[in-house]
Amino acid sequence: MKIGLDLDGVVVNSLPQVIKVLDSCFAQKFAPGDHFDLSRYYGAPRDEISLVISERAEEMFGAAEMTEGAAAGIAALEKNGHEIIYVTARKAGREEEVTRAWLARRGLGHSPLFCVSGGSKADVVLAESIEVFVDDFLRNAEQISAVGVPVLLLDAFYNQAEEVPPGVTRCNGWEDIQRAVAALAARKPL
């Protein structure tokens, strides 16, 4: 199967680094809530936050660790013959360069990477014929499942407030993701 993977929150545990940098830039500090809107957390316009993220991409994304279980999970999926495609909301340019270097350092640079930067991940999912997508952001999961592609939603504090829509399966970690992909692959017609 072609499996689309979001990066932040799924493959990359970037949130601690993002918070560290943004907390140093804004008077209002991060406090976990039931959403993931950095503008609301920091009381600053989205374009201002976006500028900081782009300017300090290496510090935020380059230093981030892998999400627990992601390395083994991705290796197992590839070993089972699945094709991985990364689709991230990061921007082309500097953020993409940092992302490609991060993936290469972890032996993951061989898979395609798409940076949609505010665009729709669902468009990439359709264009690349992705058969299942893994994300942690509920809005992305809704958009992708709405075009008929199953979504595995990785649990996070910011995606607990709402029920998941049809076509979305909540996963508690990478072992759940691997089991769900195996179940989907088993149902796929030959």
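The values are calculated or read from the model by the stated rules, or taken from the named source; none is laboratory data. All of these numbers come straight from a predicted model, not from anything done at the bench. Every residue, glycine among them, receives a Cβ derived from its backbone with ideal geometry; neighbour counts consider all protein chains shown.
Taking the criterion of being touching a helix residue (DSSP H, G or I) at 6+ places or on another chain (Cβ under 6 Å), buried (at least 17 other Cβ atoms within 10 Å of the Cβ) and closer than 30 Å to Gly148 by Cα, would at least one residue in region 41-58 satisfy it?
No, region 41-58 contains no residue that is touching a helix residue (DSSP H, G or I) at 6+ places or on another chain (Cβ under 6 Å), buried (at least 17 other Cβ atoms within 10 Å of the Cβ) and closer than 30 Å to Gly148 by Cα.
Taking region 125-170 only, how many residues are farther than 25 Å from Tyr41 by Cβ, in a strand (DSSP E or B) and hydrophobic (A, V, I, L, M, F, W, C)?
3
Return the residues of region 112-123 that are in a loop (DSSP other than H, G, I, E, B) and either at pLDDT 95 or above or not small (Gly, Ala, Ser) (or both); say none if nothing qualifies. Outline the logic, then answer.
Our first condition is that a residue be in a loop (DSSP other than H, G, I, E, B); within region 112-123, this holds for 112, 116-120.
Passing the criteria: Pro112, Val116.
Answer with yes or no whether Gly109 is in a loop (DSSP other than H, G, I, E, B), in contact with a Leu (Cβ under 6 Å, 6 or more places away or on another chain), more than 24 Å from Glu175 (Cβ to Cβ) and free of Cβ contacts under 8 Å to residues at least 12 places away in the same chain. It would help to see each step written out before you state the result.
On the way: in a loop (DSSP other than H, G, I, E, B): yes; in contact with a Leu (Cβ under 6 Å, 6 or more places away or on another chain): yes; more than 24 Å from Glu175 (Cβ to Cβ): yes; free of Cβ contacts under 8 Å to residues at least 12 places away in the same chain: yes.
Yes, satisfied.
Consider region 60-106. How many of its residues are more than 21 Å from Ala182 (Cβ to Cβ), touching a Ser or Thr at 6+ places or on another chain (Cβ under 9 Å), in contact (Cβ under 8 Å) with a residue 60 or more places away in the chain and in a strand (DSSP E or B)?
1
Could you grab me the full set of residues in region 110-123 that are farther than 17 Å from Gly9 by Cα and crowded, with 18+ Cβ neighbours inside 10 Å?
Within region 110-123, the first condition is being farther than 17 Å from Gly9 by Cα, and the residues that meet it are 110-112, 119-120, 122-123.
Within region 110-123, just Ala122 meets the criteria.
Check Lys91, Lys79 and return the single one that is assigned by TED's automatic domain parsing to the domain that holds Ala183 and modelled with pLDDT under 95.
Details: Lys79 fails: modelled with pLDDT under 95.
When all the criteria are applied, what remains is Lys91.
Of all the residues that make up region 153-166, how many are modelled with pLDDT of 95 or more and surrounded by fewer than 19 Cβ atoms within 10 Å (Cβ to Cβ)?
Start the filter on region 153-166 by keeping residues that are modelled with pLDDT of 95 or more, which leaves 153-154.
Next, only the ones that are surrounded by fewer than 19 Cβ atoms within 10 Å (Cβ to Cβ) stay: none.
Here the count works out to 0.
Output the residues belonging to region 9-53 that are assigned to a loop (DSSP other than H, G, I, E, B) and either touching a strand residue (DSSP E or B) at 6+ places or on another chain (Cβ under 6 Å) or among the hydroxyl-bearing types (Ser, Thr, Tyr) (or both). Break it down stepwise before answering.
If we filter region 9-53 for residues that are assigned to a loop (DSSP other than H, G, I, E, B), which is where we start, we get 9-11, 14, 26-37, 43-45.
If the condition is that a residue be assigned to a loop (DSSP other than H, G, I, E, B) and either touching a strand residue (DSSP E or B) at 6+ places or on another chain (Cβ under 6 Å) or among the hydroxyl-bearing types (Ser, Thr, Tyr) (or both), then Val10, Val11, Ser14 are the ones that fit.
Would you check if Gly173 is in contact with a Leu (Cβ under 7 Å, 6 or more places away or on another chain) and under 15 Å from Val11 (Cα atoms)? Spell out the reasoning first.
Values: in contact with a Leu (Cβ under 7 Å, 6 or more places away or on another chain): no; under 15 Å from Val11 (Cα atoms): yes.
Spelling it out, it is not the case that Gly173 is in contact with a Leu (Cβ under 7 Å, 6 or more places away or on another chain) and under 15 Å from Val11 (Cα atoms).
Okay, residues lined up against (1) surrounded by fewer than 14 Cβ atoms within 10 Å (Cβ to Cβ); (2) closer than 25 Å to Ser50 by Cα; (3) modelled with pLDDT of 95 or more; (4) in contact with a strand residue (DSSP E or B) (Cβ under 7 Å, 6 or more places away or on another chain):
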| residue | (1), (2), (3), (4) |
| --- | --- |
| Tyr86 | no, yes, yes, yes |
| Val125 | no, yes, yes, yes |
| Phe137 | no, yes, no, no |
| Val151 | no, no, yes, yes |
| Cys171 | no, no, yes, yes |
